[in-house]
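Heads up, the thing below is written out as structure tokens.
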Amino acid sequence: MAVDFVSNEEIITEARRRVAQGVWDYLVGGSESETTLRRNRRAFDSIAFRPRILVDVSHVDTSTTFLGAKMRIPAIFAPIGSLQVFDPAGAVAASQAATEFGIIHCVSSATLPSLEETAAATPTPKIFQLYVHGDEQWTTDMVQRVKDAGYAALTLTVDTAHYSRRERPMVTRYVPPTRRAGAAPERRFQASLTWDTMDWIKEMAGLPFMLKGVQTAEDAEIAVQHGVDYIWVSNHGGRQIDHGQGSLDTLPEIVQAVAGRARIIVDGGVQRGGDILKAIALGADVVALGRLQGWGLAAGGVAGAVRMLEILEDELLSTMGLTGLTSIDKVTPKYVCQADPVTEAHEMSSWVNMPVGRIL
Ligand code: FNR
């Protein structure tokens, strides 16, 4: 029973038991040497807490407000393509889990079912993530569908100008459904995106706009000048450019450049409640959850994903209590500092019993 999981380590182990090798490789792998993927984890491992004592923490509130909605923890579900390989209901299952627990789901444009079906399945606000996989007419139609379906915000992902070499699934000959013959998108549109295209899409949508894949202060500055409402600091979970920086490592320069002119989302390697607290302390408004979402769904469908979030919330609550923090708005950079990592970073190194690589 999904509800019996006591740790996310147990959830991951169950997910591994339930999915085939190819699906596992698709979920956990990064690009090429997976250096970026490991740096995502190492960045979190290189931050320590500076706990304060003798604060009354008998009531700790982990909630925040995002896109006008109250969320139980400062986290959203990141867009994940081909969610149907983890749960037959695909994006609907992820949205149901997000709704049941009390966070927001950013729905990938590369997953099933349709954006309309996913929007209609749950009453809570949702974000739509767009890849540009067609010409101007195609894009215009997509944006109109997103608006008609009632999405609360639009995310444009821009770290995928080229599709990277993800060698784990390549080696096991696994091709996710959205990339199979007949379904594979034309890459040239995504490759030719510029700031002008972004402006055009943003204007056309007229929705709160999120730019996903910002990795430098320079681009954050340009994005703010172009009126982007949400800067989404991300390297795609280490699945696109290899030998990039850890996502959390780039956060401080981006926070400084943005200087309060936009809200900030960060993802890449968030695996524990404490990681959420570290990201908030370094200036993020919310984090996004990628692989954890896939593990939760694969382990137990909607109930598995909800349980994964409950465990994350419990970790966040205890870390806040032990740090002397009673609410998210009290979190400042003073609660963290740099520290030497003590584990060898890999895609599951947040859990003490997790082996490196594909042994699982
Ligand atoms: C992704 N990611 C992603 N991003 C996006 O903008 N559109 C997409 O369709 C997908 N698809 C996708 C599939 C899978 C299996 C993964 C693991 C990731 C990237 C995702 O939104 C997010 O940036 C990262 O997953 C965050 O890193 P963690 O939490 O997985 O470490």
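The values are calculated or read from the model by the stated rules, or taken from the named source; none is laboratory data. These numbers were taken from a predicted model, which means no experiment stands behind them. We place every Cβ from the backbone using ideal geometry, glycine too, and count neighbours over all the protein chains shown. Protein only, heavy atoms only, side chains kept; ligands, DNA and RNA dropped before computing areas. Shrake-Rupley method; radii C 1.70, N 1.55, O 1.52, S 1.80 Å.
Figures for the structure shown
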read-out: Criterion violated by Gly260 - all others in (1) touching a residue at least 24 places away in the same chain (Cβ under 8 Å); (2) in a loop (DSSP other than H, G, I, E, B) satisfied; value: (1)
read-out: Condition met for Tyr230 (within 16 Å of the ligand (Cβ to nearest atom), closer than 21 Å to Asp25 by Cβ and either hydroxyl-bearing (Ser, Thr, Tyr) or free of Cβ contacts under 8 Å to residues at least 24 places away in the same chain (or both)); value: no
read-out: Tally, over the range 119-176, of residues that are among the aromatic types (Phe, Trp, Tyr) and under 26 Å from Thr65 (Cβ atoms); value: 2
read-out: Single unsatisfied condition, Arg272 versus (1) within 13 Å of the ligand (Cβ to nearest atom); (2) open to solvent by 50 Å² or more (accessible area, probe 1.4 Å); (3) over 23 Å from Ile53 (Cα atoms); value: (3)
read-out: Enumerated strands (runs of 3 or more DSSP E) restricted to the range 58-126, each holding at least 1 residues that are under 17 Å from Val306 (Cβ atoms) and either touching an Asp or Glu at 6+ places or on another chain (Cβ under 7 Å) or within 16 Å of the ligand (Cβ to nearest atom) (or both); value: 75-77, 104-107
read-out: When residues of the range 169-187 are limited to those that are within 16 Å of the ligand (Cβ to nearest atom) and of a type in the set (Val, Ile, Thr), the one surrounded by the most Cβ atoms within 10 Å (Cβ to Cβ); value: Thr178
read-out: Unmet requirement for Gln293, which otherwise passes all of (1) modelled with pLDDT under 95; (2) closer than 28 Å to Asp229 by Cα; value: (1)
read-out: Residue in the range 147-159 that is surrounded by the fewest Cβ atoms within 10 Å (Cβ to Cβ), counting only those that are within 14 Å of the ligand (Cβ to nearest atom) and not aliphatic (A, V, I, L, M); value: Asp159
read-out: Unique match (being free of Cβ contacts under 8 Å to residues at least 40 places away in the same chain and either charged (D, E, K, R) or at positive phi (or both)) among Gly238, Gly213, Gly182; value: Gly182
read-out: From the options Gly300, Gly244, Gly283, residue that is more than 15 Å from the ligand (Cβ to nearest atom) and assigned to a loop (DSSP other than H, G, I, E, B); value: Gly283
read-out: From the options Asp329, Asp314, residue that is open to solvent by 50 Å² or more (accessible area, probe 1.4 Å) and in contact with a Gly (Cβ under 9 Å, 6 or more places away or on another chain); value: Asp314
read-out: Members of the range 1-26 found to be open to solvent by 10 Å² or more (accessible area, probe 1.4 Å) and hydrophobic (A, V, I, L, M, F, W, C), listed by number; value: Met1, Ala2, Val3, Phe5, Val6, Val19, Ala20, Val23
read-out: Hey, Arg38 outside any loop (DSSP other than H, G, I, E, B) and either open to solvent by 30 Å² or more (accessible area, probe 1.4 Å) or more than 17 Å from Ser349 (Cα to Cα) (or both) or not; value: yes
read-out: Residues of the range 303-357 classified as more than 25 Å from Thr36 (Cβ to Cβ) and part of a strand (DSSP E or B), total; value: 1
read-out: Residue within the range 279-288 that is at pLDDT 95 or above, among the acidic types (Asp, Glu) and open to solvent by 10 Å² or more (accessible area, probe 1.4 Å) present; value: yes
read-out: Of residues in the range 281-339 being of a type in the set (Lys, Arg) and touching a residue at least 12 places away in the same chain (Cβ under 8 Å), the one farthest from Gly29 (Cα to Cα); value: Lys334
read-out: Hits in the range 174-187 - residues which are in a loop (DSSP other than H, G, I, E, B) and either among the β-branched types (Val, Ile, Thr) or within 19 Å of Glu34 (Cβ to Cβ) (or both); value: Tyr174, Val175, Pro176
read-out: Flag if Gln144 is under 25 Å from Ala119 (Cβ atoms) and free of Cβ contacts under 8 Å to residues at least 12 places away in the same chain; value: yes
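Matching residues to (1) part of a loop (DSSP other than H, G, I, E, B); (2) surrounded by 16 or more Cβ atoms within 10 Å (Cβ to Cβ):
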{"site": "His133", "(1), (2)": "yes, yes"}
{"site": "Asp141", "(1), (2)": "no, no"}
{"site": "Arg145", "(1), (2)": "no, no"}
{"site": "Ala161", "(1), (2)": "yes, no"}
{"site": "Arg165", "(1), (2)": "yes, no"}
{"site": "Phe189", "(1), (2)": "no, yes"}
{"site": "Thr197", "(1), (2)": "no, yes"}
{"site": "Glu218", "(1), (2)": "no, no"}
